[in-house]
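The values are calculated or read from the model by the stated rules, or taken from the named source; none is laboratory data. Fair warning: this is a prediction, and the values are worked out from it, not measured in the lab. Counting neighbours? That spans all protein chains shown, and the Cβs are built from the backbone with ideal geometry, glycine included. All accessible areas refer to the heavy atoms of the entire protein, side chains included, with ligands and DNA or RNA removed. Shrake-Rupley method; radii C 1.70, N 1.55, O 1.52, S 1.80 Å.
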Amino acid sequence: MFRRVGVSLSIVVGLAGLVVVGGCGSKPVVGIILPTTGAAASYGQSIESGIRLALADARERDELPEGFEVLWADSGSEPARAVAELRKMVTERNVKMVIGGATSAEAAALIPVLDELEVVCLSPSASAPGLAERSRYFFRIYPSDELEGHTAGTFVFERLDRTKIVLFSGDTEYTRGIKPEFLKQFEEALGGQVVDDIDLSEDGWQARAKKAISSGGVGAAYVIGFADEILEVVRFLREQNFSGRIVTTSAFYIGDAIRDAGPGAEGILFPLPPFDRTSEKEPVLSFVNRYMATYQRAPDVFAAHGYDAMGFTLQVFAMAKPPETSEILKALNYGVAEFNGVTGPILFDEHGDVKHYPKMFIVNDGQVLTYQRYLETERRRILTQVQDLLRTSTPTPVPR
């Protein structure tokens, strides 16, 4: 069942409850299909919070298209249910565009139905490789896992100067999206060496891992998996007093993984889409302040992508007149020349993939910083220490 929100009259910021407001007549309608319950609820709820804030901000600025409506549906983290909700929206309300496919599994299930129904989908967070190539109706503003693997491989070899690593990987679609690109870049392109590839789905992987990390010259561990797998490996490596660098995936940033890792999270590095909530530049600064004032917590990367997904959609509907599929596609492909979102400028390639490249982040004193900001902070700290040392070591002139 979906909820109808006529945002021309009211915006309600929040996650709970059934809201029905708005008028009647022919109006531009966007469907939102998110996993707000089930295994992927943390993703869906964060994305929804960003979408609702974007709607509220647009209303305050009087930037909502005339008669604009939003239909909300919960996929329950089930791809088949996401498809059913899409069909219902199209049948009952003639929806021509949805924000959905929050998980790669839901996106993959929706794509053939988009072609069948000729409905456009903008995904705020699906990351599996190749999705956008499957349909001209599917676009996404979240970088492909391929880019995450490529970024991590380059970073480990070139920035960290670690040429021998131990790889830890789970057995999931997520892992299979990242791992090949990492190996292609780290091993094939740059000449790095993977001492061992530890399969986290195997019983007793710890014994094999102990031997691998104790072999000479291992300078880093790269962990590919979801948050629970990453936490298990991080705790293992800390117990073994592993002295190398720990690099992992963006899944470490989701939910409470960093908090649950405690002091063990310190110094861990991971790639994320280019959203830095510590930035003091616009539009990020205003977004973070508005989000914290509304929800009493800092926005994560999924809230930021939800915010941009709705902001971009509003621009599309402002141009798509009438709000039919052909006009929506024109606006997506040619009309919105550049949208400067909180996750960066949104531009699509020929397939519908956003042209965003992940940046590396680090946990430092419990805070998540871009690696570049961390280096700048460290340089300033070291410079201050040197200056203080020089001042204290300079002999006091003896008066004559």
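Give the cross-link partners of K210 among the lysines, using a straight C-alpha distance below 19 Å as the criterion and excluding same-chain residues fewer than 8 apart.
The reachable lysines, counting only those whose Cα sits under 19 Å from K210, are K164.
Return the distance in nm (one decimal) between the two label points of a simple spin-label model at T377 and T278, each offset 7 Å from Cα along Cα→Cβ.
0.3
Counting other C-beta atoms within 10 Å, and keeping those with at most 16, which DSSP coil GluC sites (Glu not before Pro) do you find in region 205-288? Mind showing how you got there, number by number?
Numbers: sites: E229, E232, E239, E266, E280; in loops: E266, E280.
Those satisfying the criteria are E266, E280.
Taking the structure as given and computing log10 I(q)/I(0) by the Debye sum over Cα atoms at q = 0.07, 0.11, 0.13 Å⁻¹, which label from (1) -0.36, -0.81, -1.07; (2) -0.28, -0.71, -1.00; (3) -0.35, -0.88, -1.20 fits?
(1)
Determine the share of the chain's accessible area contributed by carbon and sulfur atoms, expressed in whole percent, with a 1.4 angstrom probe.
On the way: 9010 of 18070 Å².
Carbon with sulfur: 50 percent of the solvent-accessible area.
Give the distance, in whole Å, between the Cα centre of region 117-140 and the Cα centre of region 163-196.
Going from one Cα centre to the other spans 26 Å.
Using a 1.4 Å probe and ignoring any ligands, DNA or RNA, find the accessible area of K96 and quote it in Å² to the nearest 10.
40
Under 16 Å from the Cα of K359, which lysines turn up, not counting those fewer than eight places away in the same chain?
Result set, ordered by chain and number: empty.
Take every DSSP beta bridge whose two residues both sit in the chain, then give the antiparallel share in percent to the nearest 5. Write down the numbers at each step before the final one.
Working: 16 of 49 bridges.
Taking every DSSP beta bridge within the chain, about 35 percent pair in antiparallel fashion.
For the chain, with the dipole built from +1 on Lys and Arg beta-carbon atoms and -1 on Asp and Glu ones, taken about the Cα centre, which of G219, A293, V29 lies farthest toward the positive end?
Value: A293.
Could you work out how far helix 145-154 tilts from the main Cα principal axis of the chain, as a 0 to 90 degree angle to the nearest 10?
20
Going by a ≥ b ≥ c, the root eigenvalues of the Cα gyration tensor, does region 32-106 fall in the rounded group (a/c under 1.5), the prolate group (a/b larger than b/c) or the oblate group?
Numbers: a/c = 3.05, a/b = 1.36, b/c = 2.25.
It is oblate, given that a/c is not under 1.5 and a/b is not larger than b/c.
With the contact rule set at Cα under 8 Å and sequence spacing of 6 or more, what percent relative contact order holds for the chain?
Details: 773 pairs, mean separation 64.0, N = 400.
16 percent.
By accessible area of protein heavy atoms, probe 1.4 Å, what ranking do M319, M360 get, highest first? Walk me through the numbers on the way to the answer.
Working: M319 90, M360 20 Å².
Sorted descending by solvent-accessible area, the residues read M319, M360.
So between L389 and D199, what do we pick up on full extension, going 0.36 nm a residue minus the alpha carbon distance? Before the final figure, lay out the partial values.
On the way: separation 190, 0.36 × 190 = 68.40 nm, distance 4.89 nm.
Additional length available on full extension: 63.5 nm.
Within region 285-351, list the GluC sites (Glu not before Pro) lying in a DSSP loop whose Cβ has at most 10 other Cβ atoms in a 10 Å radius.
On the way: sites: E324, E327, E338, E350; in loops: E324, E338, E350.
Passing both the DSSP loop test and the Cβ count: E338, E350.
Taking a probe of 1.4 Å, how large is the accessible area per residue of the chain, in Å²?
Values: 18070 Å² over 400 residues.
Heavy-atom SASA per residue in the chain reads 45 Å².
What is the extension gain from E338 to E173, computed as 0.36 nm multiplied by their sequence separation minus the C-alpha to C-alpha distance, in nm to one decimal? Before the final figure, lay out the partial values.
Working: separation 165, 0.36 × 165 = 59.40 nm, distance 3.19 nm.
That pair, E338 and E173, stretches by 56.2 nm at full extension.
Which angle from 0 to 90°, rounded to the nearest 10, does the C-alpha axis of helix 227-239 make with the longest principal axis of the chain?
Taking Cα atoms only, the helix is inclined about 10 degrees.
Quick one: which residues, 5 or more positions from V119 or on another chain, have an amide H under 5 Å from its amide H? H modelled 1.01 Å from N in the peptide plane, none for Pro or chain starts.
Those qualifying (amide H under 5 Å, at least 5 residues apart or on another chain) number zero.
Can you compute the helix-only [θ] at 222 nm over the chain? Use -39500 (n - 2.57) per DSSP H run of at least 4 residues, normalise by all residues, nearest 500 deg cm²/dmol.
-12500 deg cm²/dmol, from helical runs alone.
Quick check: the angle from helix 284-295's long axis to the longest principal axis of the chain, C-alpha only, nearest 10 degrees?
Result, in degrees: 70.
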